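Shown next, in structure tokens, is the structure this report addresses.
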Amino acid sequence: MTVKVTITSTETIKPASPTPHHLKAHKLSFLDQLHPTIFSHVGLYYLPDNSHNSQPPNVAGVLKESLSKALTLFYPLAGRIDSDQHSIDCNDEGLYYSEALVNCHLLDFLRKPDLDLLNDFYPCHPTKPEPFARIYPVMIQVNVFECSGIAIGLCLSHKVLDGISTSSFLRGWASCALKCFKTVSPSFNAASLFPPNNQLPMDSIASLGRSMIKMGNSVTRRFLFDASALSALKSKGDMGTGIRSPSRVEAVTAFIWKCAMSVSEAKSGIRKPSILSHAVDLRRRMVPPLEEYSMGNLLWIPSTHCRIEDEMELNSLIGKLRETITEIDADFVRKLRNGGGLSMISKNVEEMAELCSKGPVDYYGFTSWSRFGIYETDFGWGKPVWVSSHKITGSMFMNLVHMLETGEGDGMEAWITLDEPEMALLLDHQEFLAFVSVDPTPSN
């Protein structure tokens, strides 16, 4: 049977109460300005209640009513991104919302998720983001399966939200569904912490970004590092007595980087310099730390370099990664806030451009949504059994790795996008395969 996703309705969900006049213009911070006008994608999957083989009655009504109430608190998400891409007009025009029917059972889909079909669960297909990404902060699609299971697909503007903001919005929406309004208190003051800057070298940043784009046939595959694999990798990458053992994010990041560099060399026949970027949350690195509901792109994306002559052992790569991330401390954030952002960005761009100018360079972009609490998103019918990313398709792409926690919290999924020949080599890479399950059935 061919599985189809059929849109049954589209509408806009507006805030239950109008946004006060003094909040109508929401400025984006200079950290927001640095991000391109693209969507991130996240899907949440809910099985029906086993005792009734159905969801509670009026699920659609609960989701829409609670979303309307949540938007009074998360008011910029019901507005429109201004054409200058520097602010949001909080005009309460509403959030794009659609509903769809899927002609199969959710459990059948989850046994071996079809990533091409998964992309249809999102209101804006990952390969066709324009012009929506330049207009809507958030778009939502609620997909109902024949068994009454539900998949909620969200497209979220990276101009407005990072991973922690996304998790905060989801948990805030769910809290409104449970009538726990007092537990939700989002803060949209990132622009006061990191004021916008019209002198950012956006042309140079865009040019650098274009140099990281690859031409070919992109392939996205899912890999699971279970609890035992994570423990083994952490032990394998241990840096020695007296030095803090690697975190699971450090160990997995460095391990994937190591294997990716290996398959790149096998494909091209030469070893190339390699650049790894990894998003780092700034909230926990500020003094005092920001509250969990601090919204916006409160992150920095430093780069770690592995030159041709550098060691490629796991502990060495973990050391490089840790050295880079350790530099993002309270003093670093203080300099960002005190006017040093422009010079720091310019320095990063110059260093990256110099490295790229010397010949072919491999670039790998990493982001981790581990322990963000997305699996705590409970609208009243239980927590999601799976949280997904999306498949990247097309002939223009970047090498990307998106890491997500598992439902139990003791494992980690890595969604890896490479070009087709390199992915084929990775799927035959014995060291890599010793630590992962390929395209696993999501656990619940």
Global form of the stretch 61-212, assessed from the alpha-carbon gyration tensor, a/c cut-off 1.5: oblate
Virtual spin-label span in nm between residue 420 and residue 308, 7 Å along Cα→Cβ: 3.0 nm
Candidates 111, 222, 244: whichever shows maximal mean-square fluctuation once the chain is modelled as a Gaussian network with Cα springs under 10 Å: 244
The chain: translational diffusion in µm²/s, Stokes-Einstein, Kirkwood Rh over Cα pairs, 25 °C, 0.890 mPa s: 108 µm²/s
Phi to ³J(HN,Hα) by Karplus 6.51 cos²θ - 1.76 cosθ + 1.60 over the stretch 18-27, Hz, x for Gly, Pro: x, 6, x, 4, 6, 10, 5, 10, 10, 7
Tail beyond 22 Å, pair distance distribution of the stretch 159-233 (Cα, percent): 64 percent
For the stretch 373-444, fraction of C-alpha pairs farther apart than 17 Å, in %: 53 percent
Amide H within-cut-off set for residue 217, under 5 Å, with H built and near neighbours excluded: 420
The stretch 74-143: C-alpha gyration tensor shape, a/c 1.5 cut-off, then a/b vs b/c: prolate
Heavy-atom accessible area ranking, 1.4 Å probe, most first, across 219, 401: 219, 401
Nearest-10 value in Å² for the accessible area of residue 383, using the 1.4 Å probe: 110 Å²
Under 5 Å, built H, 5+ apart or other chain: amide partners of residue 368: 279, 403
Accessible area of residue 22 in the full protein assembly, 1.4 Å probe (Å², nearest 10): 150 Å²
Lysine pairs within the stretch 195-337, Cα separation less than 16 Å, 8 or more sequence positions apart or different chains: 9
Share, in percent, of DSSP beta bridges within the chain that are antiparallel, nearest 5: 75 percent
Descending semi-axes in whole angstrom, ellipsoid equivalent of the stretch 115-191, from the Cα gyration tensor: 24, 20, 8
Accessible heavy-atom area order of 68, 17, highest first, probe of 1.4 Å: 17, 68
Percentage of interatomic Cα-Cα distances in the stretch 10-51 larger than 17 Å: 70 percent
Axial C-alpha extent at least 20 Å, average Kyte-Doolittle at least 0.5 - helices from the chain (DSSP): 59-73
Computed accessible area, residue 86, all protein chains, 1.4 angstrom probe, square angstrom: 70 Å²
Options 349, 304, 407, ranked by Cα towards positive dipole end of the chain, top entry (Cβ charges): 349
Listed residues 334, 171 arranged by accessible area, highest first, probe 1.4 Å: 334, 171
Under Karplus coefficients 6.51, -1.76 and 1.60, residue-wise ³J(HN,Hα) of the stretch 269-283 in Hz, glycine/proline x: x, 9, 8, 10, x, 9, 10, 10, 10, 9, 5, 10, 5, 8, 4
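The values are calculated or read from the model by the stated rules, or taken from the named source; none is laboratory data. Computed from a predicted model, the values in this text were never measured in an experiment. Note that we place each Cβ from the backbone using ideal geometry, even for glycine, and neighbour counts take in every protein chain shown. For accessibility, only protein heavy atoms count, side chains too; no ligands or nucleic acids. Shrake-Rupley method; radii C 1.70, N 1.55, O 1.52, S 1.80 Å.
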